[in-house]
Amino acid sequence: MPDSVHALAHRPLTVPAVAELVGLPTEPPVPEEVVEEVVRRRGWGWEHSLVCDSLVTGHGHVLCSESYIPFGHPDARHFLVFGEIYPVDPEDEDMSNGRWLFDLMDDWQKQPGWTGTRPATAEDCEDVLARAAQAVIGHLGSDPERTITCEAAFVAGPAMTHRVWRTPTHALILGPSPDNGPYGYLTHLQLSYTPLACGPDLPPEQDENALQKWITTHVDW
């Protein structure tokens, strides 16, 4: 059986990176005229290629916010990308070895502190997610409330694990998510931090269909 992932690029998620993400909605709002200075002072930078209208944090991950400017917006959804995969699509022979997509993966792998594996397997991706989960646990001090292996149709590539935590106001969802950038062939490994107002009631673990819909409601916009 062929490797299920042509390429994997990632940078480890850490406890301080999780803490920073969780703290963003409660920071003071930043007036537009001083945003550039705040970004520079934090050691962040703008990123418009890997993910449109995003930022690279001081921890080296790519942050995207529904509000564009992530500081002090408690009603906005945020996601932090710490991994990117180019999965094999066995039903698309034209794309199964699309060399041009490796150029996009090169852009991810060239980011400071990122590493890559080519080819890779679903197990390699799960290892990255499992280590990231330990960083979330390290910050929150609790195991995930839900752990589910979503169908492969949820995103491009192999079925992978989603883990869900909740704070009093937000959901933290760790797992694969569609890369809605060029062509839609790549998949993010990301930590999403979204208001529980998107859907506060967490479905029971045995209702996998409802749980997948709940995850989609929170991470996609």
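The alpha carbons of segment 131-202 occupy a box of 36, 27, 19 Å along the principal axes, longest dimension given first.
Computed per residue of the chain from DSSP H runs no shorter than four, each worth -39500 (n - 2.57), the mean residue ellipticity at 222 nm is -8000 deg cm²/dmol.
What the phi angles of segment 55-64 give under the Karplus curve with 6.51, -1.76 and 1.60, with θ = phi - 60°, is a coupling list of 10, 9, 7, x, 8, x, 9, 9, 10, 10 Hz, glycine and proline written as x. Within the listed set A19, A135, A171, the Gaussian network model of the chain (springs between alpha-carbon atoms below 10 Å) gives the highest mean-square fluctuation for A19. Protein-only accessible surface at a 1.4 angstrom probe places the residues D106, D53 in the order D53, D106, largest first.
Treating each Cα of the chain as an identical point scatterer and summing with the Debye formula, the log10 of I(q)/I(0) at q = 0.10, 0.14, 0.17, 0.18 Å⁻¹ comes to -0.42, -0.84, -1.24, -1.38.
For the residues Q206, Q190, Q134, a GNM of the chain with alpha-carbon springs under 10 Å puts the largest fluctuation on Q206. Annotation: Y86 carries an accessible surface of approximately 0 Å², with a 1.4 Å probe and no ligand, DNA or RNA atoms counted. Long hydrophobic helices in the chain: the complete DSSP H runs spanning 24 Å or more by Cα along their own axis with mean Kyte-Doolittle hydropathy of at least 0.0 are 122-140.
If I take every Cα pair under 8 Å that is 6 or more residues apart in the chain, average their sequence separation and divide by the length, what percent do I get for the relative contact order? Averaging sequence separation for qualifying contacts and normalising by length gives 24 percent for the chain.
Of all segments of the chain bounded by GluC sites (Glu not before Pro) found in a DSSP loop with no more than 15 other C-beta atoms within 10 Å, the longest spans 1-65. Distance between the C-alpha centers of segment 51-72 and segment 148-221? Whole Å please. Cα centroid to Cα centroid, the span is 19 Å.
Multiplying the residue separation of E208 and T115 by 0.36 nm and subtracting their alpha-carbon distance yields 30.2 nm. If you run the Gaussian network model on the chain, springs between alpha carbon atoms under 10 Å, then out of G116, G157, G23 the most flexible one is G23.
The values are calculated or read from the model by the stated rules, or taken from the named source; none is laboratory data. Worth saying up front: this structure is predicted, and the values here are computed from it rather than measured. As a convention, Cβ positions derive from the backbone with ideal geometry for all residues, glycine included, and neighbour counts pool all protein chains shown. Surface accessibility is based on the protein's heavy atoms, side chains included, excluding ligands, DNA and RNA. Shrake-Rupley method; radii C 1.70, N 1.55, O 1.52, S 1.80 Å.
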